[in-house]
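See below for the structure under consideration.
Throughout, read-outs are computed from the coordinates displayed, never taken from laboratory work. Everything numeric in this text was worked out from a predicted model, so none of it was measured. All Cβ positions, glycine included, derive from the backbone under ideal geometry; neighbour counts span all protein chains shown.
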Amino acid sequence: VLAVFALNTNCSDSVLNQDNPNDLVPTSFWQTPEDANKAIIGAYSPFLAITYYSRFEIFLSDYRDDVVNGFNTSDRTAAGAFNATADRNAPKWMWEAQFRGVSRSNDVLFYVPNIEMDETEKNNIIGEAHFIRGLNYFNLINNFLNVPIIKTPISEIAAPDLIPQAPPADTWALIEEDLKMAQSKLPSSWPATQTGRATYGAATGMLGKVYLYQKKYDLAKAEFAKIMGTTYTLTDDYAANFTEEFENNVESIFEIQLISDGNQGWGADSASSGSGSAYQADLAPVGYTNQNTMRVNQWALDLFLDEKTINGEIDPRTYTTFFWNTQDSTQYQGKSLKSRTYLNASYEEAFSPTGTNIFGNKYADWEFNGKKESRDGGWHASGNNVRLLRYADVLLMFAEAEVMSNGGNSTQPAVDAVNEVRRRVDMPEFTTVTMQDIEDERIKELTFERTRYFDLLRWGRVKSRIVESDFKSESGGTGSYKPGREYLAIPLSELDGNNNDEGFKQNPGY
Amino acid sequence: GVASDESGIPLAGANIIVKGTTNGTQTDFDGNFSISAAKGATLVVSYLGYITKEITVSGTSLNVSLAEDASQLDEVVIIGYGSQKKSDLTGSVATVGAKDIEKYTYNDASQALQGKMAGVNVQAQGGAPGAGSVITIRGTGTFSNAGPLYVIDGMITGSMSNINPGDIATVSVLKDASATAIYGSRAANGVVIITTKKGKKGKISINLDTSFGFQSVINEPQWADATQYATIVNRSNDADGVPRYPANDTQFDPNYSSNLYDDSFRSASVSNTSLRLSGGGEHSVYSLSLNQFDQEGIIKFSEFKRTTVRANAGLDKGKFKMESTIGLTRTVNNPNPYFNKERNLLPTIRLKNDAGEWSADDRADRGITTAYGAFYGPGTIANELGIAALEERENTINNVLGNISASYEILEGLTYKLNLGMEAASRNNFTFSPDAQVIYNGTNKATSQLNETNTNSLNTLVEQTLNYSKTFGKHKVNALAGFTDQKNNSRSLGIVAINATNGISTAGAFSKDNLQSAPGEDITSTIQSYFGRLNYTFDDKYLLTASIRRDGSSLFREELRFGQFPSFALGWNLSNEKFMENFDALTNIKLRAGYGEIGSNNINAYDIVPTINLFSTYVLGDVNTRISGNAVTRGTNSNAFWETTKTTNFGLEFNALNSRLSVTMDYFIKKSEDILVDIQLPLYTGFSNTIPFNRGSIQNKGFEFLATYADQIGDLNFSVTGNFSTLDNEVTSLGGQAPIIGGGFTSNGLRGTRTEIGQPIGSFYGYVTDGIYQTNDEASAANDQEGNPIAGDLKFKDFDGDGLNPDDRRFLGSPIPNFEYGINITADYKNFDLSLFFNGVAGNKILNSTKYRGYFDFNGNYLADAINAWTPTNTNTNVPRNTQVDSGFNRRMSDFYLESGAYFRLRNAQIGYSLPDDVMDKIKLQKIRLYLSATNLFTISDYSGYYPEVGRNSRGGTSLFNAGVDEGNYPTPRTFQLGLQVSF
């Protein structure tokens, strides 16, 4: 016992000063180019949170649109049922992840300019930080509308609990400013080991989208035009955009990079947390997933089936997007497409010959690695990237900006852009296009790609299209709708933690 | 001369002094002494625990026989850094002695305190083998999980789980601040002082105590069988407009079914064997004890073993004294953490397939090819009993707790003492889940996984004290000054690895490709303290105690590091006053009053300094690669400091009926201030962790009563002790933080408790049910903001008539009992002895979340009672309609889940028979006693879950905001034991 004391005791006062031997502390960080690189990776990291693109974001985007009819009432379906009240988890979690991205970008923008390092490398990193902050604020304003603007590290703000919400116009201005900065500082491509980092094209495409969302059609057109033509092209096979095998392809502009490495944990900030996607289970047909999932509303399939290819067959995109009860097939890219799901099961095998439910199939990637069901491998089972922005979307957004800036009338550049998208899937070409044509094309091309709900939102059609319908019949209907609930509630944690009673308020309708 | 006890056994080490001189000696090992004294002088002969005798020197040889003074022994109370005569005590201290403890077999020493002391709440963490308890003294005064401070033979530690209950000599619980303040910063939640059994001078004595018994479950909720389950789900699917699942409908087959609960429970054995050798020589005492405790769980695949060795030794020679104690404890725990998840397997699936393997899928055996979920229905379906069986789990702890103290009387009455304590522990937590069979969602569990962590901890304590004790005429003074230095270090390293090669479960079988992470940490905290105490007694009538302690903690930054904790108390022995001389109805009347401030450093090491997370990863590259990024991911508060608790205590004690009845009463007001509240900053700060700020305050008030009546009628000796305490807990400030929401009882984010100003901590909060909607019109008229109910859904009260909305939620009761009581009866008649111990609680509520799972959650089986749900033809029921969509949001938190937590039980009962003395004389043994004991023989309770003692093991963890949330805690068993005690 005495010997132990000789080893473990220390009679001076300094024994009360105990430094943390387990962690790096901020005072010793922000010194080297390596630190700058580590910090920008840390700013991308929140995208991988299961509360964001890895999973929960889908409940706050596609699960709110008029295509998806989510089964059961829960945190997953609440936003779609206009019931995403302030105490719900899903909006809070995503808000949190988005602001993590914001605050880490702010740290980079604050500290990295003072680090001595190669100027190009420094500029690239600063550009990325602007891009990440801009993208997060773009998501924040589309979901929550009234959000606080924070542009410096929180430690530099005297009273973080008094920050007011910004008028939406100011937030839009910040997003534009960020994306312009990103555009001016980002490279057009990265070395192969760095694929996935934001590029000039990503900043430009996003900037165009941001202008389009604000109905600044001429500005939007100009941005899209900068990356049209040679920079990106469409893949030959439409389906290649939704498989792990063809990630970051010629059509891809910005993807959330995911990997399936067996890690199952939650959260994005731990060595063993999962960095694969967990949302497939929420799009998969009932029975192939451990989640309650959803079904697709009939009108969406009808829209796909309404028009035939130049060979008189069903639009090949239908098979990629949906799983439904049909014996039909389409010849496309040398393959015979059929309605099949996990285990290559036909609808009759999976359900019944008389089943009417329509399910999702896009992103399921069940042919990859012989995946039997979406639950294979548990959470984070797929490394399939989320395609956040791809060239087909840019072409359709460009067409929209063209038509809208021409008083809603067709223009040849708009027709060309839409036809480029249609040619790839053997659909007959248009000679003129209307906004309705563009909207229909967006649904066929982009369903389950996190854009439909926000299209309806920016067109002001959420209420007329979703509330006055039975598209949410499986999740308790839309009886909870009140004007203003097109946006989510500001999470309770923010209202409780913010003491600026005048400047920080709940959104209308909650 | 020779000094002996009344039966003639020599007393070694008795003190003999010539009265009025300093001339003295001690008896030797055989009780002999020699001293020079004049004829006619008076010798004073004293021995601890015996009545001191004065005898006049009449010849050259004297035989002195001392009578045992049992009452005096009981009246010495162990307090902080010393002991005090009960009559001199000014604080509120509760005690339990070996006699009460050693009677029964406990699976954790803390349970020996349950119900025995007023104001001390002991709640067992369910009935799992080796399960510990949460001890709350005079109510919760913090939002952290900090419990009392434990002092075992002078070593400060955090738990009493490592002690063999049979080794305990006394337990003192210091309740009020005037008693605890000497322990300063860590005493805010009370102090439990444990002393272990020491040897006695004299010949060697050997005691053997062995018992063996069986345990069984007391109460089982009834779960649906396959037929009932299929009916409930079909009914739900029909109501929800969802097609029926084949397994419940067209392909339902009662041959493919399981009854998990029947298969999970078993009758389990428990055994306990102790052997103790003790004795002492002229200048020494020793005690060596061995104990082996083995307990199987009443849930299969769980068991616990504890081995303890304790060696105590003491040495005294003149003014020098030395004591050492060392306890070695090894516990091996194989928990079954899957209990109550077992309903995850639908009863329409068998536990084992045709091949006799654990399974969660009968499709292959039945020749069915329909997709799994499309056949059985949705849900996280897993054969948790199979997982429990296949998984390897073992938690091993080797613990050494030791102490050496040496004291020397420098001057008369002035003693210096050096006390060195240490606790070293090594823990190994091991779990290996194989990639075995179809036990999970109809698929193999994807990957085998090894989780193993080794932790080594070493805590050391150095205490130096000076004690001055002197009597000047009517003035009695005892002064204490001390300095202590304590350092705690814990270091751990673990491995998380997947995809074991050839299914081998040791770390050596994994290569770096399998390695997921190697979590580890190294944590050191230190405390330095200075303290002093003065006890002053005048004429045995007026008592004064004052103490102060100054603590410095490494957990706080330099400027905020030190805290001062003062106390003072007064006592008045009224019965010693002249004017009470002729008042005989009550004797030993004492009034006490005290006030003190104590602290609590309830933050974790390094919590005040921000850190950089090294694993904020992203994925990059044409060949996807995880890249580690850095980020500050947690917010911190560098200004955190001590929590302070201020307690005022009033006490009254007296004896009556010729001392056959003794009564102690206390009233206290305990105000806890600067309580660390975990504040959630807005998430826009980028931090989602809660950060502790010193902003809260809590008040506990209570009344405590303890009475003992002991008497003798012929050959019947008996004693009855009863105690009760009341408690009123109220949060008085949250420092501007919104109410704290806790008590998660589902995986879907529903929470049951709310901690708000003016309410007890962790009060239940939700809607008030008001029957069931009988018509759709009635349901839609409710104008429910959170649900769209129809006929058959739960009806909730709309208090303000503006439609049903969250404003209609109310406080629904508290998990904290406001009344607790215990009754201890012991009796012996000739060679038979009997003891009965009853205890009970009242006024608390339990959130029975089995009701959530059993009526609403479709990720598994239903309660059989769900079949009695409302239907248009079965309207006279309180079970809402069967639905899986639940558009009426029946699941929301309401009093539907709440039940009374009151119970009254016969906690322990024992009957013993000792062989008569004449038989013992023949076989030359001191004692042979046989006993039969029963635990939880009966429990009177209206609670419909497993057992009303639910602990804090809910989904949200053991946070106090989850108290009273019963997520199917490991059920408390009923135990019968047969035992044998032999002494020689």
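Charges at C-beta only: +1 for Lys and Arg, -1 for Asp and Glu. How large is the resulting dipole of chain B about its Cα centre, in Debye rounded to 20?
Its charge dipole is roughly 2420 debye.
At a Förster distance of 30 Å, what's the computed FRET efficiency of residue A:298 paired with residue A:225, Cβ-Cβ distance as r, to 0.05?
E between residue A:298 and residue A:225, to the nearest 0.05, is 0.20.
Normalised by the number of residues in chain B, what is the relative contact order in percent for Cα pairs under 8 Å and 6+ residues apart? Let's see the in-between values first.
Values: 2787 pairs, mean separation 108.9, N = 984.
After rounding, I find 11 percent.
Find the Rg to Rh ratio for chain B, where Rh is the Kirkwood radius over alpha-carbon pairs and Rg uses the same atoms.
1.00
With a 10 Å Cβ neighbour count serving as the proxy for reagent exposure, in which order, fewest first, do B:550, B:310 appear?
Going from least to most buried by this count: B:550, B:310.
Determine which aspartates and glutamates satisfy two conditions relative to residue A:463: a Cα distance under 15 Å, and not lying fewer than 8 residues away in the same chain.
Those aspartates and glutamates meeting the cut-off are A:65, A:66, A:455, A:486.
Cα axis of helix A:217-226 to longest principal axis of chain A: angle in degrees, 0 to 90, nearest 10?
Taking Cα atoms only, the helix is inclined about 80 degrees.
So what is the relative contact order for chain A, in percent, with contacts set as C-alpha pairs under 8 Å and at least six apart? Before the final figure, lay out the partial values.
On the way: 931 pairs, mean separation 104.1, N = 510.
Reported relative contact order: 20 percent.
With only Lys, Arg, Asp and Glu charged, each at its Cβ (+1 for the first two, -1 for the last two), find how big the charge dipole of the protein assembly as shown is about the Cα centre; round to the nearest 20 debye. Write down the numbers at each step before the final one.
On the way: 129 positive and 170 negative charges, 814 e Å.
Roughly 3900 debye for the protein assembly as shown.
Which of the aspartates and glutamates could be linked to residue B:578 by a straight reach, that is with a Cα gap under 16 Å, when you skip same-chain ones fewer than 8 residues away?
Within reach: B:539, B:540.
Counting Lys +1, Arg +1, Asp -1, Glu -1, what net charge surrounds residue A:337 among other residues with beta carbon under 15 Å of its beta carbon?
With Lys, Arg at +1 and Asp, Glu at -1, the net is +1.
Could you run the Karplus curve 6.51 cos²θ - 1.76 cosθ + 1.60 with θ = phi - 60° over the range B:281-288 and give me ³J(HN,Hα) per residue in whole Hz, x for Gly and Pro?
x, 4, 10, 9, 9, 8, 8, 10
Provide B:346, B:716, A:283 in ascending order of the number of other Cβ atoms located within 10 Å of each residue's Cβ, fewest first.
The order, fewest Cβ neighbours first, is B:716, A:283, B:346.
Along the charge dipole of chain B, pointing to its positive end and built from +1/-1 on Cβ of Lys, Arg, Asp and Glu, which listed residue (B:594, B:162, B:733) has its Cα farthest out?
B:594
Sticking with the crude label model, points 7 Å out along Cα→Cβ, report the distance from residue B:805 to residue B:414 in nm, one decimal please.
My value for the distance between the label points is 7.6 nm.
Counting pairs on different chains as well as pairs 8 or more places apart, how many Lys pairs in the range B:411-495 have Cα atoms under 28 Å apart?
Number of lysine pairs found: 4.
So what's the net charge close to residue B:396: Lys and Arg +1, Asp and Glu -1, counting the other residues with Cβ under 12 Å from its Cβ?
After counting each charged neighbour, the total is +3.
Kindly express, to the nearest 10 degrees and within the range 0 to 90, the angle between helix B:226-240's C-alpha long axis and the longest C-alpha principal axis of chain B.
60 degrees
I'd like to know which of A:487, A:51, A:321 lies farthest towards the positive end of the charge dipole of the protein assembly as shown, counting +1 on Cβ of Lys and Arg and -1 on Cβ of Asp and Glu.
A:51
Can you figure out the FRET efficiency of residue A:119 with residue A:343, using R₀ = 45 Å and their beta-carbon distance, to the nearest 0.05?
Details: r = 54 Å, r/R0 = 1.20.
With R0 = 45 Å, the Cβ-Cβ based efficiency is 0.25.
List every residue whose amide H lies under 5 Å from the amide H of residue A:54, counting only residues 5 or more places away in sequence or on a different chain, with H placed 1.01 Å from N in the peptide plane.
Result for residue A:54 returns A:49.
Give B:99/B:924; A:362/B:341; B:53/B:116; A:185/A:221; A:482/B:851 a once-over and call out the pairs whose C-alpha atoms are over 26 Å from each other.
Numbers: B:99/B:924 24 Å; A:362/B:341 33 Å; B:53/B:116 35 Å; A:185/A:221 21 Å; A:482/B:851 33 Å.
Checking Cα-Cα distances, A:362/B:341; B:53/B:116; A:482/B:851 exceed 26 Å.
What list of ³J(HN,Hα) couplings, whole Hz, do you get for the range A:49-63 from phi and the Karplus terms 6.51, -1.76, 1.60, once you set θ to phi - 60° and write x for glycine and proline?
The phi angles translate into 4, 5, 7, 10, 6, 4, 8, 5, 4, 5, 6, 10, 10, 4, 5 Hz.
Give the cross-link partners of residue B:352 among the aspartates and glutamates, using a straight C-alpha distance below 15 Å as the criterion and excluding same-chain residues fewer than 8 apart.
Counting by Cα, and skipping residues close in sequence, residue B:352 has these aspartates and glutamates nearby: B:262, B:263, B:342, B:361, B:362, B:365, B:384.
Just need the relative contact order of the range B:2-69 here, percent rounded to a whole number, with Cα pairs under 8 Å and 6+ apart.
34 percent
To the nearest whole percent, what portion of all C-alpha pairs in the range B:2-69 is separated by more than 13 angstrom?
Counting pairs separated by more than 13 Å, the tail of P(r) holds 58 percent.
Can you give me the Cα centroid spacing of the range B:480-522 and the range A:301-319 in angstrom?
Centre-to-centre distance over Cα atoms comes out at 58 Å.
For a quick check: with amide H placed at 1.01 Å from N, whose amide H comes under 5 Å from residue B:602's, ignoring anything fewer than 5 positions away on the same chain?
Here the answer is B:643, since their amide H atoms fall under 5 Å of that of residue B:602.
Go through A:216/A:472; A:215/A:444; B:198/B:300 and tell me which ones have a Cα-Cα distance over 29 Å in this structure.
A:216/A:472; B:198/B:300
Give the residue from A:291, B:49, B:12 lying farthest towards the positive end of the charge dipole for the protein assembly as shown; charges sit on Cβ (+1 for Lys and Arg, -1 for Asp and Glu) and the dipole is referred to the Cα centre.
Looking along the dipole axis, the top candidate is B:12.
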